[in-house]
Amino acid sequence: MNGIKTFPKGGVHPHGNKKAISSQKISSSQPIKNAHVPSMAVIAMSQHIGKQAECTVAVGDEIKEGMLVGKASGFVSANIHSPIPGIVKSITEIYLPHGVKTKAIVLEFQGEFERSGKAFEKKTWIGMSPEELNGFVADMGIVGLGGATFPTHVKYTIKPEQKIDSLVINGVECEPFLTADHRLMLEKPDEILEGIEIVKAITGIRNVYIGIEENKTDAISHLKHKIQEKKLDYTVVSLKVKYPQGDEKMLLKAILGREVPSGGLPIDVGAIVSNVGTVFAVYEAIVWRKPLTERVITISGSGVKYPSNLKVRIGTKISEIIEECGGYRGKPGKIVLGGPMMGFAIADPDMPVTKGVSGILVFNEKDSFKFQNDPCIRCGRCIRACPWNLMPTLMYKEIENQDYTGALAMGLMDCKECGSCAFVCPSCIPLVQIFKYGKLLSSKK
């Protein structure tokens, strides 16, 4: 396979939809641009795995750009900062795409920016202790930007008894349509590599691997050149184009040949995995003392006029971002936050961007697939597609029969909800939604 690595079993090959087809521009060729500043930002207090942040402001308060507005309420939690200066108009509750209800600050833009457009002195971090560096990561509210939104300072906190020898940087971006990480690797390689050096200083890890799918040849060659230029001892690993190659467990199988045990984490097999967007945010947090108030997002799909990669301020309404990309192309049938395989369809386009939103995909009515949910024909395609060696068809039957104990015994909690099974199902059964439902009900038993 010419040195191209991948995970051993399962996976699927959905069309990437990242390069131009016919006359429509797709986002991989679109450089990152700054999105407009919203006149109103809706800032959710739950933008991460773990406890919801505690709101630290009140209605009528005057807020500065980058000010702490939500304080982490536990070790597994994250700070929230204001993306714009303004006045707190209200404090309300909203639902996020995955169904979580959270407190949110409604901030009206007023005043002047203290960071944006201003010159700042680059901070030196050489000589700082790991605790100081990780403290800044926590203070700046950095979370995993690959989709999981796990608080990054928690991931980088290694106990003395834990032996970690490998840092794997995830530049795979295997979800169709999404190109934000690809563009970051092309446009911000120096910052990403310095971010990796900072992570090494925090964790003490020496071995660094950067995994990138082989279809991003420009990013692979660009990073290899930069690594050689800086004389860094990093290994760039070309990976086969196969979904879900970007899952951290699949990534560790492909690059290190290590299998994370059931219910375990990468740290259990001596590794830490971080997304390229996350290490870029770490770089900005340490070098520029910049909190996580914006992120790069891909806007694409058949239902948007101008696919783009935009740096968007947290709290901006989805509808405003779509409008900035030329608005809808025809009548929209579905809006998905994230990728089409693991993302969430939303009913309200005025929902705000959060730290975990990697993409905004708009599909017209023709391309908006509706599940038919025909009977299972027991063809076994879902079993062959499952990268976790599960039996989706049998788990589905157990849940359908309300035997949640049986589904758990078959490994329901090991399902990562990647959607590979549903993608190949000829009966169009919504397997992922059924497994989510089964997990929810089994947790209440």
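At a glance:
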read-out: Residues satisfying the stated conditions in region 83-122, i.e. more than 30 Å from residue 417 (Cβ to Cβ), in a strand (DSSP E or B) and without any contact (Cβ under 8 Å) to a residue 12 or more places away in the chain; value: none
read-out: Residue satisfying all of: in region 400-430; closer than 27 Å to residue 368 by Cα and over 22 Å from the mean Cα position of the chain (by Cα); surrounded by the fewest Cβ atoms within 10 Å (Cβ to Cβ) among these; value: 426
read-out: Exclusive hit being in contact with a strand residue (DSSP E or B) (Cβ under 7 Å, 6 or more places away or on another chain) and in contact (Cβ under 8 Å) with a residue 40 or more places away in the chain, set 147, 141; value: 141
read-out: Tally, over region 40-59, of residues that are without any contact (Cβ under 8 Å) to a residue 40 or more places away in the chain and either farther than 11 Å from residue 103 by Cβ or outside any strand (DSSP E or B) (or both); value: 5
read-out: Pair list, Cβ < 8 Å and 6+ apart or interchain, from region 188-205 residues that are in the same structural domain as residue 278 (by TED's automatic domain parsing) to residues that are charged (D, E, K, R) and in a helix (DSSP H, G or I); value: 189/226; 190/226; 191/284; 193/226
read-out: Condition met for residue 179 (of a type in the set (Ser, Thr, Tyr), more than 21 Å from the chain's Cα centre (by Cα) and closer than 30 Å to residue 363 by Cα); value: no
read-out: Among the candidates 16, 10, residue that is at pLDDT 95 or above and in a loop (DSSP other than H, G, I, E, B); value: 10
read-out: Matching entry among 412, 441, 408 (being in contact (Cβ under 8 Å) with a residue 24 or more places away in the chain and farther than 25 Å from residue 338 by Cβ); value: 408
read-out: Matching residues in region 50-86 - criterion: being of a type in the set (A, V, I, L, M, F, W, C) and in contact with a helix residue (DSSP H, G or I) (Cβ under 9 Å, 6 or more places away or on another chain); value: 68, 72, 75, 76, 78
read-out: Qualifying residue in region 134-156 (condition: assigned by TED's automatic domain parsing to the domain that holds residue 270, surrounded by fewer than 18 Cβ atoms within 10 Å (Cβ to Cβ) and farther than 24 Å from residue 269 by Cβ); value: yes
read-out: Residue among 434, 360 that is in a helix (DSSP H, G or I), surrounded by 13 or more Cβ atoms within 10 Å (Cβ to Cβ) and β-branched (Val, Ile, Thr); value: 434
read-out: Residue count, region 314-336 (criterion: assigned to a strand (DSSP E or B) and within 16 Å of the chain's Cα centre (by Cα)); value: 1
read-out: Candidates 262, 274, 238, 221, filtered to the one that is at pLDDT below 95 and assigned by TED's automatic domain parsing to the domain that holds residue 126; value: 262
read-out: Unmet criterion (only one of (1) at pLDDT below 95; (2) on the phi < 0 side of the Ramachandran plot) for residue 402; value: (2)
read-out: Single match in 366, 355 (criterion: in contact with a strand residue (DSSP E or B) (Cβ under 8 Å, 6 or more places away or on another chain), modelled with pLDDT of 95 or more and among the basic types (Lys, Arg)); value: 355
read-out: Selection from region 283-325 of residues that are touching a strand residue (DSSP E or B) at 6+ places or on another chain (Cβ under 7 Å) and on the phi > 0 side of the Ramachandran plot; value: 301, 315
read-out: Condition broken by residue 65, with the remaining ones in (1) within 30 Å of residue 157 (Cβ to Cβ); (2) in contact with a Leu (Cβ under 9 Å, 6 or more places away or on another chain) satisfied; value: (2)
read-out: Residue list for region 363-376, filter: surrounded by 12 or more Cβ atoms within 10 Å (Cβ to Cβ), assigned to a loop (DSSP other than H, G, I, E, B) and not aromatic (Phe, Trp, Tyr); value: 368, 373, 376
read-out: Scope region 377-404; condition among the acidic types (Asp, Glu) and in a loop (DSSP other than H, G, I, E, B); matching residues; value: 403
read-out: Residue match in region 283-300 (condition: closer than 20 Å to residue 367 by Cα, small (Gly, Ala, Ser), more than 19 Å from the chain's Cα centre (by Cα) and assigned by TED's automatic domain parsing to the domain that holds residue 361); value: no
read-out: Among the candidates 375, 392, residue that is touching a Leu at 6+ places or on another chain (Cβ under 7 Å) and more than 30 Å from residue 93 (Cα to Cα); value: 392
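The values are calculated or read from the model by the stated rules, or taken from the named source; none is laboratory data. Computed from a predicted structure; not experimentally measured. Every residue, glycine among them, receives a Cβ derived from its backbone with ideal geometry; neighbour counts consider all protein chains shown.
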